[in-house]
1. Of the residues 69, 73, which is in a strand (DSSP E or B), under 30 Å from residue 95 (Cα atoms) and not assigned by TED's automatic domain parsing to the domain that holds residue 110?
2. I need the full set of residues from region 27-40 which are under 17 Å from residue 134 (Cα atoms) and touching a helix residue (DSSP H, G or I) at 6+ places or on another chain (Cβ under 7 Å), in order please.
3. Could you tell me whether region 51-63 includes any residue that is surrounded by 14 or more Cβ atoms within 10 Å (Cβ to Cβ), touching a His at 6+ places or on another chain (Cβ under 8 Å) and either in a helix (DSSP H, G or I) or touching a residue at least 40 places away in the same chain (Cβ under 8 Å) (or both)?
4. In region 41-49, is there at least one residue being aromatic (Phe, Trp, Tyr) and within 30 Å of residue 135 (Cβ to Cβ)?
5. Condition first: in contact (Cβ under 8 Å) with a residue 24 or more places away in the chain and assigned by TED's automatic domain parsing to the domain that holds residue 18. Can you find one or more residues in region 37-44 that meet it?
6. Could you list all residues from region 91-112 that are over 11 Å from residue 61 (Cα atoms) and buried (at least 16 other Cβ atoms within 10 Å of the Cβ)?
Amino acid sequence: MRRALKGSAYLANLLPTGTVLIFQMLAPAFTHQGECHTVTSKFMTIGLLTCCSISCFLLSFTDSFRDERGKVRYGVASLNGLWVMDGESIKLPVEEAYKYRLRFIDFFHAFSSILVFVAVALFDKNIVGCFFPNPSEEVKDILASLPMGIGFVCSLLFVAFPTQRHGIGFPLSRE
């Protein structure tokens with residue numbers, strides 16, 4: 001039971017919460033409450049979905065650490081280690097920065113994060129109304145089950161293949 005609760009708490013750190021919040025705020029305006037009266041509103045909605053997906057992908061590569069004074073610093077993982085964003089005065093020793101380098105699991109989590117965002121978008125009535133104004137029964141069934149399936153599979157994968165990243169806005173242990 002403890003492991004299941006720890007896994008579900010861990011999941012909250014992997015879901016693109018900030019991006020989803022921005023999406024949920026902007027989607028009604030971009031879609032005109034799901035009507036998408038013009039081609040422009042459809043293209044703007046596609047742009048919103050694209051920008052949010054890119055955000056989910058890129059934020060998967062952010063990490064944080066505590067400097068020598070205990071202050072939390074943020075960076076972006078690269079092939080050579082962590083690139084610190086908090087200013088040029090903060091330098092991580094090369095061997096310490098190397099511990100934060102990009103790994104295959106980071107790309108796995110980035111693509112899974114996009115899938116989770118797509119699942120959230122497919123649950124949004126404004127997006128569905130914009131792109132599927134008169135869905136057939138088959139499309140309704142797909143729109144009802146596909147997002148849940150994506151969410152379930154990605155949740156299992158996130159728990160089975162955890163990451164050590166502490167992205168921007170996620171808690172960093174005191175260690």
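The values are calculated or read from the model by the stated rules, or taken from the named source; none is laboratory data. Given the structure is predicted, the values throughout are model-derived calculations rather than measurements. As a convention, Cβ positions derive from the backbone with ideal geometry for all residues, glycine included, and neighbour counts pool all protein chains shown.
1. One residue alone meets the criteria, 73.
2. Hits for region 27-40 are 31, 32, 33, 34, 35, 36.
3. Yes: region 51-63 contains one or more residues that are surrounded by 14 or more Cβ atoms within 10 Å (Cβ to Cβ), touching a His at 6+ places or on another chain (Cβ under 8 Å) and either in a helix (DSSP H, G or I) or touching a residue at least 40 places away in the same chain (Cβ under 8 Å) (or both).
4. Of the residues in region 41-49, the ones aromatic (Phe, Trp, Tyr) are 43.
Imposing the further condition that a residue be within 30 Å of residue 135 (Cβ to Cβ) reduces the set to 43.
Checked region 41-49: at least one residue is aromatic (Phe, Trp, Tyr) and within 30 Å of residue 135 (Cβ to Cβ).
5. yes
6. 92, 97, 112
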